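J.: This is the structure I want to talk about, given as structure tokens.
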Amino acid sequence: MLKKILLAFDGSENSLKAADYALIMAQHNNAEVEIIHVRESVTSYSTRVIYDAIEMEKELVSEAEEIMVQAIEKFKDTGITFTTSIRTGDPAEIICEEAEKIGATEIVIGSRGMNTLSRFFLGSISLKVLTHAHCTTIVVR
């Protein structure tokens, strides 16, 4: 039986579908959900000239908070216990670390996220999570 689901959420269409799936799983299994959004850092834009890193950092934080609001809207008033966290860094690495840290029994992630440039250079985040996670990982299309 599921006890703790980690939902990786980036605001994309597929992560919205993953949120729906995680919600259904949680309802059917009386599970808790942790929703995680891993945002990019200013340093991930190091190939660009950054004139105002502080302003860009504020923008990235604001964008991450707006993305998390979408996930919260899906789960509020559902009766499901959920928590949220916004982290910064390599998404696949942080998702896997967080899943292990919280003792997740399942990770739910969308098949394609919003950051196509990173996916082109680094490979699919969902594939990396699927390969490296310590627990069952469900990739939602």
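The values are calculated or read from the model by the stated rules, or taken from the named source; none is laboratory data. Here the structure is a predicted model, which means the values were calculated and not measured. Counting neighbours? That spans all protein chains shown, and the Cβs are built from the backbone with ideal geometry, glycine included. Remember, those area values only see protein heavy atoms, side chains included, never the ligands or the DNA or RNA. Shrake-Rupley method; radii C 1.70, N 1.55, O 1.52, S 1.80 Å.
J.: Would you pull out the residues with amide H under 5 Å of T84's amide H, same chain only if 5 or more places away, H placed 1.01 Å from N?
T.: Amide H to amide H, under 5 Å and 5 or more residues apart or across chains, T84 pairs with I35.
J.: If you bin every alpha carbon distance in the chain into 10 Å steps from zero, what whole percent lands in each bin?
T.: Taking every Cα pair in the chain, the percentages come to 12, 44, 32, 10, 2, 0.
J.: Which value, in Å² and to the nearest 10, is the accessible area of T84 when all protein chains are kept and the probe is 1.4 Å?
T.: Number for this one is 70 Å².
J.: Could you work out how far helix 13-29 tilts from the main Cα principal axis of the chain, as a 0 to 90 degree angle to the nearest 10?
T.: Helix 13-29 sits at roughly 30 degrees to that axis.
J.: Another question about this same structure. What percent does the relative contact order of the chain come to when contacts are Cα pairs within less than 8 Å and at least six residues apart? Working shown, then result.
T.: Working: 251 pairs, mean separation 50.2, N = 141.
RCO, the chain: 36 percent.
J.: Same structure again: By accessible area of protein heavy atoms, probe 1.4 Å, what ranking do D77, D20 get, highest first?
T.: D77, D20
J.: Give me a comma-separated list of calculated 3J(HN,Hα) values for region 81-96, in order, Karplus coefficients 6.51, -1.76, 1.60 applied at θ = phi - 60°, integers in Hz, x for any Gly or Pro.
T.: 6, 9, 10, 10, 8, 10, 10, 10, x, 6, x, 4, 4, 5, 4, 5
J.: Same structure again: Taking amide H positions as placed in the peptide plane 1.01 Å from N, state which residues far from I138 in sequence (5 or more) or on other chains have amide H under 5 Å from it.
T.: HN-HN under 5 Å from I138: I107, V108, I109.
J.: Could I ask something else about it? Restricting everything to alpha-carbon atoms, can you work out Rg to Rh for region 2-45 with a Kirkwood hydrodynamic radius? Show your work: numbers first, answer last.
T.: On the way: Rg = 12.7 Å, Rh = 11.4 Å.
Radius of gyration over Kirkwood radius for region 2-45 works out to 1.11.
J.: Which residue, chosen from V61, T136, I125, occupies the Cα position most advanced towards the positive end of the dipole of the chain, where the dipole is computed from +1 (Lys, Arg) and -1 (Asp, Glu) charges on Cβ about the Cα centre?
T.: T136
J.: How many nm separate the modelled label positions at D20 and I86, each set 7 Å beyond the Cα in the direction of the Cβ?
T.: That separation, rounded to one decimal, is 2.6 nm.
J.: Using a 1.4 angstrom probe on the protein heavy atoms only, could you order E40, E98 from most to least accessible area? Intermediate results must be reported in sequence, preceding the final value.
T.: On the way: E40 60, E98 10 Å².
The ordering from most to least exposed comes out as E40, E98.
J.: In addition: Please identify, among K128, K17, K58, the residue showing maximal mean-square fluctuation in a Gaussian network model of the chain using a 10 angstrom Cα cutoff.
T.: In this elastic network of the chain, the residue with the biggest mean-square fluctuation among K128, K17, K58 is K58.
J.: Turning to a different aspect of this structure: Can you pull the accessible area of R112 for me, 1.4 Å probe, Å² to the nearest 10?
T.: 140
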